[in-house]
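Accompanying notes for the structure given below.
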Ligand code: BGC
């Protein structure tokens, strides 16, 4: 039996555009309407109207924290025009969570931008950071009294690479130079946002907030032990996993490390070119691995290895996302249970983990992959939007209630 400490956070996450529906003022919506994406988000899960119902389910599942994002394009649909009714909406969302005894963890940027912001050049232009900071200042001034945990930017590198290198997300560009520019701009925006948030709390005489990013960490592993593969694994780990964390820590702008972890990335590189070293995906299909429905390798031990590597930073960690899309709910439970056991082991060995936030509370709009991937603890029937709790969610609810998990048979694929 593995026991988690008293006060450990148990919860699930969503992001505005993926669940709310009708986010008509952002760059994703525009791209969806122009047919640039496979599916349009449309009404999504209508979480904007149904959030109370969804939070009641979270409560039923014994969650004591919930991560969600405030949609910048709702709050500021046109440059400089803040919509008081949207601020009121998010005030009610936060109040509803608090009334249920659920700690809000608020993300300020989760992949989407107001259309006006991207039309001006978006994150490619350093000068435009000021608009994000103005939004941050507005929101934090409104909610400082209610919110302790903030995430400024979700997965900055995933955003910059998908939007500016892989041409998968709006504005669908393919430039290493632009990707680097956007990445640096996001890092700068976090640093400034961190300082803005802390300043507001100081001025209001509130206890120090907890501010971080949600970093997407992957377990990079050798497919074959060649020198080229070893260098590639080293570079990827340094660049994709640690660059942001080290940079922000150096600037003293992390109060904790938000970790999003999904699985393993096997590395097998066929050329010494930088593009290959950094980006090439393993072409071999011979690994007898468990995968999610998008084909990502399941590798719970990787989270333990990453948490152990983070220990040296001497900062608490929050698992801000960990989850699986699958049609096999037994596999979902195995995935959750095994990750929890590895997290527990890392905690035993000295990494301070504050909580576990599963992605996602409900099935939702999985960006360029549309509605097919099912990550939810709660199933959504997209015909009538009926919510049904999955058995894996009930099992996790038992763990959140008791703070204990029985060790599952670990699948060791390393
Ligand atoms: C993102 C989510 C996404 C999830 C599954 C994370 O990268 O923050 O928005 O749905 O992974 O792909």
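The values are calculated or read from the model by the stated rules, or taken from the named source; none is laboratory data. Worth saying up front: this structure is predicted, and the values here are computed from it rather than measured. When we count neighbours, we look across all protein chains shown, and the Cβ atoms used for this are built from the backbone with ideal geometry, even at glycine.
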query: Looking at segment 292-305, which of its residues are more than 15 Å from the ligand (Cβ to nearest atom) and in contact with a strand residue (DSSP E or B) (Cβ under 7 Å, 6 or more places away or on another chain)?
result: 299, 302, 305
- prompt: For residue 39, are the conditions met, namely being on the phi < 0 side of the Ramachandran plot, within 16 Å of the ligand (Cβ to nearest atom), assigned to a helix (DSSP H, G or I) and under 22 Å from the mean Cα position of the chain (by Cα)?
  reply: no
statement: Quick count over segment 249-280, residues being within 16 Å of the ligand (Cβ to nearest atom) and either assigned to a loop (DSSP other than H, G, I, E, B) or at pLDDT 95 or above (or both), is 7
query: Across segment 106-140, what is the number of residues that are more than 22 Å from residue 161 (Cα to Cα), in contact with a helix residue (DSSP H, G or I) (Cβ under 6 Å, 6 or more places away or on another chain) and surrounded by fewer than 18 Cβ atoms within 10 Å (Cβ to Cβ)?
result: 2
Residue pairs meeting the criteria (Cβ under 8 Å; at least 6 apart or on separate chains; first more than 16 Å from residue 152 (Cα to Cα), in segment 110-121; second in a loop (DSSP other than H, G, I, E, B) and within 16 Å of the ligand (Cβ to nearest atom)): 118/170
query: If residue 150 satisfies every condition in (1) away from the ligand (no atom under 16 Å from the Cβ); (2) closer than 27 Å to residue 60 by Cα; (3) under 20 Å from the mean Cα position of the chain (by Cα) but one, which is the exception?
result: (1)
- prompt: In this structure, does residue 199 turn out to be in contact with a strand residue (DSSP E or B) (Cβ under 9 Å, 6 or more places away or on another chain), over 29 Å from residue 368 (Cβ atoms) and at pLDDT 95 or above?
  reply: no
message: Consider segment 282-298. How many of its residues are at pLDDT below 90 and loosely packed, with under 11 Cβ neighbours inside 10 Å?
response: 5
query: Would you pick out the residues in segment 90-115 that are within 16 Å of the ligand (Cβ to nearest atom) and in a loop (DSSP other than H, G, I, E, B)?
result: 110, 111, 112, 113
query: Are any of the residues in segment 252-259 buried (at least 18 other Cβ atoms within 10 Å of the Cβ) and over 20 Å from residue 306 (Cβ atoms)?
result: yes
Strands (runs of 3 or more DSSP E) wholly inside segment 315-414 containing at least 2 residues that are touching a residue at least 24 places away in the same chain (Cβ under 8 Å), closer than 28 Å to residue 51 by Cα and away from the ligand (no atom under 16 Å from the Cβ): 353-359, 386-389
query: Does residue 52 satisfy the criteria of being closer than 17 Å to residue 381 by Cα, in contact (Cβ under 8 Å) with a residue 12 or more places away in the chain and surrounded by fewer than 23 Cβ atoms within 10 Å (Cβ to Cβ)?
result: no
query: Quick one: is residue 165 in contact (Cβ under 8 Å) with a residue 12 or more places away in the chain and either within 16 Å of the ligand (Cβ to nearest atom) or farther than 24 Å from residue 339 by Cβ (or both)?
result: yes
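Which one of these is modelled with pLDDT under 95 and over 18 Å from residue 361 (Cβ atoms): 38, 3?
38
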query: Is there any pair with a first residue in segment 197-219 that is closer than 15 Å to residue 255 by Cα and touching a residue at least 12 places away in the same chain (Cβ under 8 Å) and a second that is within 16 Å of the ligand (Cβ to nearest atom) and assigned to a loop (DSSP other than H, G, I, E, B) whose Cβ atoms are under 9 Å apart and which are 6 or more apart or on different chains, and what are they?
result: 213/155; 214/110; 214/155; 215/155
message: Residues to consider are 103, 60, 92; find the one that is surrounded by fewer than 17 Cβ atoms within 10 Å (Cβ to Cβ) and touching a helix residue (DSSP H, G or I) at 6+ places or on another chain (Cβ under 8 Å).
response: 60
- request: Evaluate segment 126-136: report whether one residue or more is on the phi > 0 side of the Ramachandran plot and either at pLDDT 95 or above or in contact with a strand residue (DSSP E or B) (Cβ under 6 Å, 6 or more places away or on another chain) (or both).
  value: no
message: Conditions first: (1) in contact with a helix residue (DSSP H, G or I) (Cβ under 9 Å, 6 or more places away or on another chain); (2) within 30 Å of residue 352 (Cα to Cα); (3) surrounded by 20 or more Cβ atoms within 10 Å (Cβ to Cβ). Residue 321 passes all but one, so which condition is the exception?
response: (1)
